[in-house]
Each structure stands twice: as C-alpha cells, then as structure tokens.
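K.L.:
Okay, handing you the structure first.
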Amino acid sequence: MISNQILQNTLDGLKAISRVDFSVIDTDGKTVASTVDNEGDYVRAVVDFVKSPADSQEVSRYQFFKIYDEQSVEYVLVA
C-alpha cells in the first residue's frame, strides 16, 4: 500500500502540470489525498463506482478511475 504522503506529492505534481484537481478516495469513501479542500458531492458515487464492473466512469463533472493493487481495487482517482 502506498503512503498518503507519496499519494499527496503525486497529486500535487499532477495538478501543477495539468491544472486539474484530483482526489484519491479509498473503497470506503474516505479521502486519502486531494488537491481540493472540499470533497464535493462525489463520495457516495465513488462507493457505488467501486461496486460496479467499470474501470472508469464519468459521473456528473467528475471522471473516476479504479486503482488496483494485486487485482483488487484499493483506491479511486477522481479528476
């Protein structure tokens, strides 16, 4: 499992390059790292997305991507 500080540094770097906000949410809906202060209204949608068979999905104005570790979903990247 990747440490929260590594995830935060990675998201900060991605935001500096792309000017897009990112969040990494665990499968329980808890924010692990984020470039935004508020979580928005996507936390419940993330939990539902984890249960779906899709690897990526657009919900509202957010794009969700599953992050796997050893073939099981560990996190969801929200952009």
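The values are calculated or read from the model by the stated rules, or taken from the named source; none is laboratory data. In this text the structure is predicted, and so the values were computed from the model without any measurement. Counting neighbours? That spans all protein chains shown, and the Cβs are built from the backbone with ideal geometry, glycine included. For the accessible areas, the whole protein counts, side chains as well, though only heavy atoms, and no ligand, DNA or RNA atoms are used. Shrake-Rupley method; radii C 1.70, N 1.55, O 1.52, S 1.80 Å.
K.L.:
Scanning the stretch 15-34 for residues that are assigned to a loop (DSSP other than H, G, I, E, B) and farther than 20 Å from residue 72 by Cβ, which turns out most open to solvent (accessible area, probe 1.4 Å)?
P.N.:
The extreme case among them is 19.
K.L.:
Sort through 12, 37, 48 and tell me the only one that's open to solvent by 40 Å² or more (accessible area, probe 1.4 Å), part of a loop (DSSP other than H, G, I, E, B) and among the charged types (D, E, K, R).
P.N.:
37
K.L.:
For the stretch 28-53, which positions are in contact (Cβ under 8 Å) with a residue 12 or more places away in the chain and small (Gly, Ala, Ser)?
P.N.:
Of everything in the stretch 28-53, those that are in contact (Cβ under 8 Å) with a residue 12 or more places away in the chain and small (Gly, Ala, Ser) turn out to be 29, 33, 34, 40, 45.
K.L.:
Just to be sure I understand the filter: pairs with C-beta atoms under 9 Å, separated by 6 or more residues or on different chains, first member in the stretch 15-27 and farther than 16 Å from residue 4 by Cα, second member in a helix (DSSP H, G or I) and open to solvent by less than 30 Å² (accessible area, probe 1.4 Å). Which pairs pass?
P.N.:
If the second residue must be in a helix (DSSP H, G or I) and open to solvent by less than 30 Å² (accessible area, probe 1.4 Å), the pairs left are 21/11.
K.L.:
Within the stretch 51-79, which residues are closer than 18 Å to residue 8 by Cβ and either open to solvent by less than 30 Å² (accessible area, probe 1.4 Å) or β-branched (Val, Ile, Thr) (or both)?
P.N.:
Within the stretch 51-79, 67, 75, 76, 78 qualify.
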